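Student: The structure follows.
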There are 2 protein chains.
Amino acid sequence: MVPKVVFGEGCFDQLTTILSSHKKDKAPFIYLIDDVFETNTEFIDKINLRFNDKLIFVSAAEEPKTSQVDELVKDIRSEFTNLPSGIIGIGGGTLLDLAKAVSIMLTNKGSAADYQGWDLVKKKAVYHVGIPTISGTGAEVSRTTVLTGPVRKLGINSDFTPFDQVILDPELTQGVPKNQWFYTGMDCFIHCVESLNGTFLNAFSQSYGEKAYDLCMEIFLKEDSLSDAESRAKLMMASWHGGMSIAYSQVGVAHAMSYGLGYVLGTKHGIGNCIVFNQLEEYYGEDVVLFKKMVEKHGIEIPQGVCANLTDEQMEIMINVAMGMVPLWENAFGEEWQSIVTPEKLKELYLKM
Amino acid sequence: MVPKVVFGEGCFDQLTTILSSHKKDKAPFIYLIDDVFETNTEFIDKINLRFNDKLIFVSAAEEPKTSQVDELVKDIRSEFTNLPSGIIGIGGGTLLDLAKAVSIMLTNKGSAADYQGWDLVKKKAVYHVGIPTISGTGAEVSRTTVLTGPVRKLGINSDFTPFDQVILDPELTQGVPKNQWFYTGMDCFIHCVESLNGTFLNAFSQSYGEKAYDLCMEIFLKEDSLSDAESRAKLMMASWHGGMSIAYSQVGVAHAMSYGLGYVLGTKHGIGNCIVFNQLEEYYGEDVVLFKKMVEKHGIEIPQGVCANLTDEQMEIMINVAMGMVPLWENAFGEEWQSIVTPEKLKELYLKM
């Protein structure tokens with residue numbers, strides 16, 4: 001788990017103090033920042049750059065890739081003689097996952113693709129700090145960093161993946177576009193539904209999942225009296241608890257199929273989950289009904305027909321990627337999942353999306 | 001926060017594996033264990049002692065003291081040349097707090113009493129593991145270790161206090177006597193009420209506090225259909241979330257007054273909170289009513305008249321100790337707390353108990 005966390009409106013201002021005890025001589029802090037902030041001088045000016053510290057702006061338009069991680073690591077190694085004092089990721093799930101992966105790959109040999117899987121990382125990562133600017137993915141708290149590699153989309157799951165420090169400042173999520181707010185928040189809601197309905201559930205995950213679920217219901221469906229600030233703070237906590245829930249359980253059908261969409265079409269994780277979940281009433285009944293109410297209440301449009309023009313080959317890859325997520329299917333349906341989940345069934349579902 | 005945790009029935013069996021990577025040459029693991037387990041050979045046999053590892057059985061009949069910590073540290077230092085590989089605390093809040101304090105005092109000079117307060121500890125503690133065998137105090141997750149010192153009962157609150165590893169095995173809480181189960185569970189419930197009704201509350205603490213509160217309601221009042229195993233697992237999580245809630249907020253009236261009882265009469269924390277909370281309807285209205293229902297439902301007897309025979313001097317000390325808990329009163333009533341909380345008022349309340 002993340003050993004240190006600060007929370008509260010404006011707590012981003014504590015960053016300089018927090019980093020000061022981790023500064024090593026001649027070793028820079030490297031900031032990986034969502035490039036939407038590149039022109040936000042008010043925000044950037046709050047970052048106190050010292051000596052050779054460096055800002056790297058990264059687009060979150062695409063899901064993070066192992067090749068992108070390798071490239072960033074190569075650039076950092078060639079520019080600096082010393083290992084960085086720390087990596088600070090500022091942004092949504094993409095930036096946070098990149099920061100986690102880069103910090104690992106600075107101390108471990110080879111390509112990030114070599115470490116996709118469970119507990120393959122052997123050396124402690126460089127000190128890394130996560131600062132979410134959008135809530136829902138749970139990337140700030142999770143033990144994984146999901147990357148698209150040459151052969152699969154899969155996380156680097158390890159004890160060295162979690163951030164050493166997280167800064168939860170709800171103020172930073174101001175200004176997120178409405179659609180993105182919704183899709184990313186729904187990533188959390190869907191996590192929780194999958195975890196709470198999964199066969200891997202235990203009392204630990206259940207308690208976190210229930211809290212995140214309740215918070216999502218409050219934010220997206222029930223409470224019209226929440227102020228924007230309250231809503232932002234609560235969604236930040238929903239993301240946190242949702243991430244904790246899946247740290248000790250697993251996601252399910254929506255995530256497995258969304259990985260297929262992401263791999264073939266590059267569909268972003270949040271919207272991908274929404275596209276899939278919208279068609280899963282058969283498996284997640286009442287929760288899909290609630291989801292549709294949330295969609296309606298906030299006037300969100302869920303894309304339709306995204307798989308209509310796939311080639312046979314693309315469809316086959318999509319199905320293979322989805323079916324490859326064995327632990328997710330086992331969580332959803334138990335060991336006998338293959339009696340329920342067939343290529344034909346997945347094709348039928350994909351064609352509805 | 002605690003960086004590593006395992007959860008689940010039987011996960012205590014992972015202890016040997018978990019410790020193995022922390023073993024240093026010639027440096028023992030020291031186990032501080034509640035002496036109720038001394039004759040429980042089945043349990044003790046599960047602990048895999050190697051080389052010079054040592055079991056120390058400690059009575060939890062009294063609240064932990066700074067002098068007791070100093071004594072334990074002195075004994076360990078005189079018996080072993082090397083600093084221990086780790087301290088493992090097995091028991092309830094008393095044993096967990098002792099384990100945290102001993103691990104700190106093995107690397108910091110002077111007496112434990114010198115470190116009662118906030119952020120006075122300067123050196124990293126010895127690696128320490130917490131294994132609760134009763135649920136409710138939140139000591140397994142908190143950033144403090146509450147000790148009775150020569151001049152006050154106060155915690156050593158520091159970044160080095162939390163356990164490096166916690167093992168949450170609900171099986172270990174089997175066999176706790178009913179009264180103790182109730183008092184300790186109520187410690188959690190009362191934490192949550194105080195935190196949720198406090199002025200220091202933020203969305204972080206609120207989300208944890210609400211979950212712990214809901215779990216307590218489920219366990220102690222609402223759900224008669226829970227199996228013993230489910231109930232144990234849920235109470236373990238309630239304790240965890242309750243501890244997290246107060247890590248970022250504060251307790252209130254019941255804890256402040258209970259500290260007074262503990263200091264003068266040696267009343268244990270859990271039962272002390274119950275004795276006090278029973279008389280706090282004026283401040284915590286509906287929650288005290290719910291508490292009384294729980295007491296009735298489980299046929300628990302809350303001691304009465306505990307302050308009836310106090311000398312004037314004892315009463316004065318009790319009131320002084322309680323009033324000294326400034327942050328707790330500020331949390332309960334805001335900065336103007338002294339207009340509400342007077343020595344006369346506290347005396348009136350104590351005499352009801």
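Student: Residue under question is A:Pro343, and the condition is that it be exposed (fewer than 13 other Cβ atoms within 10 Å of the Cβ) and at pLDDT 95 or above; does it hold?
Tutor: no
Student: For the stretch B:114-160, enumerate the residues that are assigned to a strand (DSSP E or B), of a type outside the set (Phe, Trp, Tyr) and open to solvent by 10 Å² or more (accessible area, probe 1.4 Å).
Tutor: Within the stretch B:114-160, B:Val146, B:Thr148, B:Leu154, B:Asn157 meet the criteria.
Student: Run A:Leu15 past the list (1) free of Cβ contacts under 8 Å to residues at least 40 places away in the same chain; (2) within 20 Å of A:Thr173 (Cβ to Cβ) and report the number of the one that doesn't hold.
Tutor: All conditions are met except number (1).
Student: Check the stretch B:86-103 and report whether any residue there is open to solvent by 60 Å² or more (accessible area, probe 1.4 Å) and assigned to a helix (DSSP H, G or I).
Tutor: no
Student: Next question, about the same structure. In the stretch B:27-57, how many residues are within 13 Å of B:Pro84 (Cβ to Cβ) and polar (S, T, N, Q)?
Tutor: 1
Student: Same structure, new question: For A:Asp70, are the conditions met, namely being within 21 Å of A:Met325 (Cβ to Cβ), assigned to a helix (DSSP H, G or I) and open to solvent by 20 Å² or more (accessible area, probe 1.4 Å)?
Tutor: So A:Asp70 fails the test.
Student: List pairs: first residue in the stretch B:44-73 and without any contact (Cβ under 8 Å) to a residue 40 or more places away in the chain and over 27 Å from B:Ser21 (Cα atoms), second residue aliphatic (A, V, I, L, M) and open to solvent by 50 Å² or more (accessible area, probe 1.4 Å) anywhere in the structure, Cβ distance under 6 angstrom, at least six positions apart or on different chains.
Tutor: none
Student: For the structure I just gave you, tell me whether B:Val176 is among the aliphatic types (A, V, I, L, M), more than 14 Å from chain A (Cβ to nearest Cβ) and outside any loop (DSSP other than H, G, I, E, B).
Tutor: no
Student: On the given criteria, is A:Phe57 away from chain B (no Cβ under 14 Å), hydrophobic (A, V, I, L, M, F, W, C) and assigned to a helix (DSSP H, G or I)?
Tutor: No; evaluated as a whole, the condition is false for this residue.
Student: Within the stretch B:1-35, take every residue that is open to solvent by 70 Å² or more (accessible area, probe 1.4 Å) and within 26 Å of B:His241 (Cβ to Cβ) and give me the one that is nearest to the chain's Cα centre (by Cα).
Tutor: B:Lys4
Student: Restricting to the stretch B:193-207, and then to whatever is within 11 Å of chain A (Cβ to nearest Cβ) and assigned to a helix (DSSP H, G or I), can you tell me which residue is most open to solvent (accessible area, probe 1.4 Å)?
Tutor: Restricting to residues being within 11 Å of chain A (Cβ to nearest Cβ) and assigned to a helix (DSSP H, G or I), the top hit is B:Gln206.
Student: Given the conditions (1) touching a residue at least 60 places away in the same chain (Cβ under 8 Å); (2) open to solvent by 20 Å² or more (accessible area, probe 1.4 Å); (3) away from chain B (no Cβ under 11 Å); (4) closer than 19 Å to A:Lys297 by Cβ, report the number of the one that A:Thr184 does not fulfil.
Tutor: (2)
Student: So, A:Gly334, is that one over 30 Å from A:Thr133 (Cβ atoms), in the same structural domain as A:Val193 (by TED's automatic domain parsing) and either at pLDDT below 95 or open to solvent by 10 Å² or more (accessible area, probe 1.4 Å) (or both) or not?
Tutor: Against the criterion (over 30 Å from A:Thr133 (Cβ atoms), in the same structural domain as A:Val193 (by TED's automatic domain parsing) and either at pLDDT below 95 or open to solvent by 10 Å² or more (accessible area, probe 1.4 Å) (or both)), A:Gly334 qualifies.
Student: Determine which single condition B:Phe189 fails, assuming it passes every other condition in (1) within 14 Å of chain A (Cβ to nearest Cβ); (2) among the aromatic types (Phe, Trp, Tyr); (3) under 30 Å from B:Val289 (Cβ atoms).
Tutor: Only one criterion is unmet by B:Phe189, namely (1).
Student: Report, by residue number, each residue of the stretch A:211-230 that is open to solvent by less than 20 Å² (accessible area, probe 1.4 Å) and within 10 Å of chain B (Cβ to nearest Cβ).
Tutor: A:Lys211, A:Ala212, A:Leu215
The values are calculated or read from the model by the stated rules, or taken from the named source; none is laboratory data. Keep in mind it's a predicted model, so treat the numbers as computed, not measured. So basically every Cβ, Gly included, is an ideal-geometry build from the backbone, and we count neighbours across all protein chains shown. SASA here: full protein model, heavy atoms, side chains in, ligands and nucleic acids out. Shrake-Rupley method; radii C 1.70, N 1.55, O 1.52, S 1.80 Å.
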